[in-house]
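One structure below.
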Amino acid sequence: LGIAFLFVAVVIYTILFAVGKQAFEIKSNTNAYTNASKIEVLTNNSDGSVQYSPIFYFNVDGKEYTCKTSFSRGSRPSVTKNKLYYNSSNPNICISEYELSQLPVIFIFIILFSFVDIAAGLYFLINANSENKRIKQLAQSGLLVKNLPCEIENNLKGYKIKIDYKIADGNILKLKSEIRRDYNYIGRQTADLLIDPLNTKNYFIDFDIEI
């Protein structure tokens, strides 16, 4: 899961950085500007959620051109900036002041999202490493009990393995594994328990534990 968070951060960063880089490259290739003669806000509902992106119309030497926005947003934008920058030799190379004004927001989002996502990824990786160390220590000092009858408790996040374990004083402990997201439980009726006899709160449940 930690690796997944880090991968998503890299993908989002790459996409947004490419959008910003392309916008600056277009702006560097423009040498004239004008005001839009008309502005429309396009809507896209193909994926079940409405996305809005403005399109600008402008005229050069009596011919009308359009300048689209390279990104969309989930709320209808209030477009107050109507200046357009274009290449006088090829007016199809153009970018709106509105789009340029959104770039700082994009880069701030890149920084914040990347920071949060990387932090979450590192958190899960550190926790996973800590859990692996705990299990290794438990394997050295704990008791392994094989083939205990088990039940599967499903929920929206995955499933847990449930077992009953009778300790030396006759009490029965009802134990559950951590949430799992694999399909190893299919066809399983027993599970293994690795437990610390001196601290029964320290245990690990899995299928086919080998020490």
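The values are calculated or read from the model by the stated rules, or taken from the named source; none is laboratory data. Values in this document were obtained by computation on a predicted structure and should not be read as measured data. Here the Cβ positions follow ideal geometry from the backbone for every residue, glycine too, while neighbour counts run over all protein chains shown. In case anyone asks, the SASA skips ligands and DNA or RNA and just uses the protein heavy atoms, side chains included. Shrake-Rupley method; radii C 1.70, N 1.55, O 1.52, S 1.80 Å.
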For this session: Those residues that are in contact (Cβ under 8 Å) with a residue 12 or more places away in the chain and either part of a strand (DSSP E or B) or out of contact with any strand residue (DSSP E or B) (no Cβ under 6 Å at 6 or more places or on another chain) (or both), I need them from region 183-202; list them, please.
Result: Asn184, Arg188, Gln189, Thr190, Ala191, Asp192, Leu193, Leu194, Ile195, Asp196, Thr200, Asn202
Problem set entry | Selected residue [of a type outside the set (Val, Ile, Thr) and at pLDDT 90 or above] from Asn127, Asn184, Asn147, Asn155 | Asn147
Problem set entry | Check on Phe124, closer than 30 Å to Phe71 by Cα and either not hydroxyl-bearing (Ser, Thr, Tyr) or not in a loop (DSSP other than H, G, I, E, B) (or both) | no
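What number of residues within region 23-39 are among the charged types (D, E, K, R) and either open to solvent by less than 70 Å² (accessible area, probe 1.4 Å) or outside any strand (DSSP E or B) (or both)?
Initially, region 23-39 is screened for residues among the charged types (D, E, K, R), giving 25, 27, 38.
Next, from what is left, pick out any that are either open to solvent by less than 70 Å² (accessible area, probe 1.4 Å) or outside any strand (DSSP E or B) (or both): 25, 27.
Total satisfying the criteria: 2.
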Seminar exercise, completed: With the first residue restricted to region 156-174 and required to be assigned to a loop (DSSP other than H, G, I, E, B), and the second required to be at pLDDT below 95 and open to solvent by 100 Å² or more (accessible area, probe 1.4 Å), Cβ contacts under 8 Å at 6 or more apart or on different chains are Lys157/Arg181
Seminar exercise, completed: Reported set for region 132-155 where residues are open to solvent by less than 60 Å² (accessible area, probe 1.4 Å), in a helix (DSSP H, G or I) and of a type outside the set (Val, Ile, Thr) is Leu138, Ala139
